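See below for the structure under consideration.
The values are calculated or read from the model by the stated rules, or taken from the named source; none is laboratory data. Computed from a prediction, not measured in an experiment: that's the story for all the values here. Heads up, the Cβs are rebuilt from the backbone with ideal geometry, glycines too, and the neighbour counts pull from every protein chain shown. To get the accessible areas, we keep the full protein, side chains included, count just its heavy atoms, and leave off ligands, DNA and RNA. Shrake-Rupley method; radii C 1.70, N 1.55, O 1.52, S 1.80 Å.
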Amino acid sequence: MAAMVQPTYKGKRYRLDKPELLAPAGNLEKLKFAVHYGADAVYIGGQKYGLRSNADNFSFEEMKEGVEFAKKYGAKVIVATNMYVHNEDIEGIEEYLRSLNETGVFAIIAADPAIIEIAQRIAPDLEVHLSTQQSTLNWQAVKFWKEEGLPRVVLGRETSLEEIAEIKNHVDIEIEAFVHGAMCSSFSGRCVLSNHFTDRDSNRGGCCQSCRWKYDLFEDGREDWVSEEQVALDQIVPTPSSFKPGVTQIPLFQPEDNAFTMGSKDLCMLGHIPDLIEVGIDSFKIEGRMKSIHYVATVVNVYRQAIDSYMADPENYVLKTEWIEELNKAANRPLNTGFFYDTPDHEDHIYEPEEKAAPYDFAGLVMDYDSVNGIALIQQRNHFKLGQEIEFFGPEGTFFKQVVGMITDEEGNELDAARHPLQLVRMKVDHPVKGFDMMRKRK
């Protein structure tokens, strides 16, 4: 075998001593919550060249602030520049990448060779991680990208644990894999439904999530194929097709039926942390730059506890019931294990509108705590009222339930509810709390 070409970067560890927990951050506030709740690194989007054009995204000034904040806690900031560029997109890439590099971010995630080459040329100190959009599934492809100077590959979601083990056996490189969050119904996001339905390019950041829409089902048939007896027997009413002149559409549903969807269940590997670590995955990636602060904080907090518990004592590691319960409070859809063990089948897709699995709302954020009087200053995020049961949780093990027994405004006037967005109120709490602890309520 020919000698492996040495990459251009220096000083990079090919196998992290402890798996990195990589969290999504759709804006600066979410970045701070992700870091506070245990993320080792966060990935964000700038205002160009990313695949979440509808997220808040970061200005260069916000990136600088985010980098400075993350560094205080030993965390890294990575920027997604993972769109596939057309000719008209090329002008401006160099300027954008230079400006991005000046913010101090640790790395970019890229799929297009044009962005990869330009970044390596004009910002050699900026790490380039290969995006999942490249659909990298085998060790030969991973070896190719290592020889191109990339220190990390984000594998396609279709890669199994067995395939990851083989990749790690053949190539000494960091492997990043999604372990939690939404799954695309297409092949690593290579979908054009959005392009056709809404003229929004999925691979340039505009995906409208067509697979999550609710559809009616029809069968096309010419009018002379449908008898009056069939119409009466089946209680169907053919309607003119807007797509095929002279053809009728026969509904394949009843008025009381649920509309049809075709979205995938969400990925969840919380129950398989030992397998992920032992196979050699270096970075555990959580999907969800468009998700809420409550979602990001809850999911990061749970995975942080599970990873730390395993690393502290692998032989006696136990999946805790409370972790699963916590995760379910943030879940938006039914969960599965994706492609890690088996190829998903029809049981892993959602064909009918599902009952939302998350029965909780983010109700308030702890801003301060008076330990003498046991009173917390709360910033309201959703309406809550006297007599309502709420939960507090936080990154340092805070967790308890109580009933709201007292609410006052900042001047000490008693209130029966916290009604106004971002309103600052004081309330008696049953146990000590800290800044960045969150309060949630049942919907």
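Scanning the range 309-334 for residues that are without any contact (Cβ under 8 Å) to a residue 60 or more places away in the chain, part of a loop (DSSP other than H, G, I, E, B), open to solvent by less than 60 Å² (accessible area, probe 1.4 Å) and among the aliphatic types (A, V, I, L, M) yields a single hit, Ala330.
Note on the range 155-193: residues that are over 20 Å from the mean Cα position of the chain (by Cα) and within 22 Å of Lys18 (Cβ to Cβ) amount to 10. Kindly indicate the residue of the range 377-387 that is over 11 Å from Arg440 (Cβ atoms) and touching a Lys or Arg at 6+ places or on another chain (Cβ under 9 Å) and also most open to solvent (accessible area, probe 1.4 Å) among those meeting that condition. Checking each candidate, the answer is Lys385.
Remark: pairs (first residue in the range 89-108, open to solvent by less than 30 Å² (accessible area, probe 1.4 Å); second residue charged (D, E, K, R); Cβ separation under 6 Å; 6+ apart in sequence or on different chains) = Tyr96/Lys48; Thr103/Lys64; Ala107/Glu127. In this structure, Pro395 does satisfy being part of a loop (DSSP other than H, G, I, E, B), in contact with a Gly (Cβ under 8 Å, 6 or more places away or on another chain) and either open to solvent by less than 90 Å² (accessible area, probe 1.4 Å) or touching a residue at least 40 places away in the same chain (Cβ under 8 Å) (or both). Checked against (1) open to solvent by 20 Å² or more (accessible area, probe 1.4 Å); (2) more than 27 Å from Leu365 (Cα to Cα); (3) not in a helix (DSSP H, G or I), Lys291 meets all criteria but (2). Where strands (runs of 3 or more DSSP E) sit wholly within the range 401-443, those with at least 3 residues that are within 32 Å of the chain's Cα centre (by Cα) occupy 438-442. Checking the range 101-112 against the condition returns a match, with at least one residue being in a helix (DSSP H, G or I), within 25 Å of Lys71 (Cβ to Cβ) and over 22 Å from the mean Cα position of the chain (by Cα). Quick check on the range 120-133. Is at least one of its residues in a loop (DSSP other than H, G, I, E, B), touching a Ser or Thr at 6+ places or on another chain (Cβ under 7 Å), open to solvent by less than 20 Å² (accessible area, probe 1.4 Å) and in contact (Cβ under 8 Å) with a residue 24 or more places away in the chain? So far as the range 120-133 goes, no, none of its residues is in a loop (DSSP other than H, G, I, E, B), touching a Ser or Thr at 6+ places or on another chain (Cβ under 7 Å), open to solvent by less than 20 Å² (accessible area, probe 1.4 Å) and in contact (Cβ under 8 Å) with a residue 24 or more places away in the chain. Tell me, yes or no, whether the range 337-345 has at least one residue that is open to solvent by 70 Å² or more (accessible area, probe 1.4 Å), within 30 Å of Pro421 (Cα to Cα) and modelled with pLDDT under 95. No, because not a single residue in the range 337-345 is open to solvent by 70 Å² or more (accessible area, probe 1.4 Å), within 30 Å of Pro421 (Cα to Cα) and modelled with pLDDT under 95. Checking the stated criteria, Ala376 turns out not to satisfy the condition of being outside any loop (DSSP other than H, G, I, E, B), within 23 Å of the chain's Cα centre (by Cα) and farther than 24 Å from Lys265 by Cβ. Screening Val192, Val179, Val153 for residues that are open to solvent by 20 Å² or more (accessible area, probe 1.4 Å) and either in contact with a helix residue (DSSP H, G or I) (Cβ under 9 Å, 6 or more places away or on another chain) or aromatic (Phe, Trp, Tyr) (or both) leaves exactly one candidate, Val192. Among the conditions (1) assigned to a loop (DSSP other than H, G, I, E, B); (2) of a type in the set (Gly, Ala, Ser); (3) at pLDDT 75 or above, the only one that Gly206 does not satisfy is (3).
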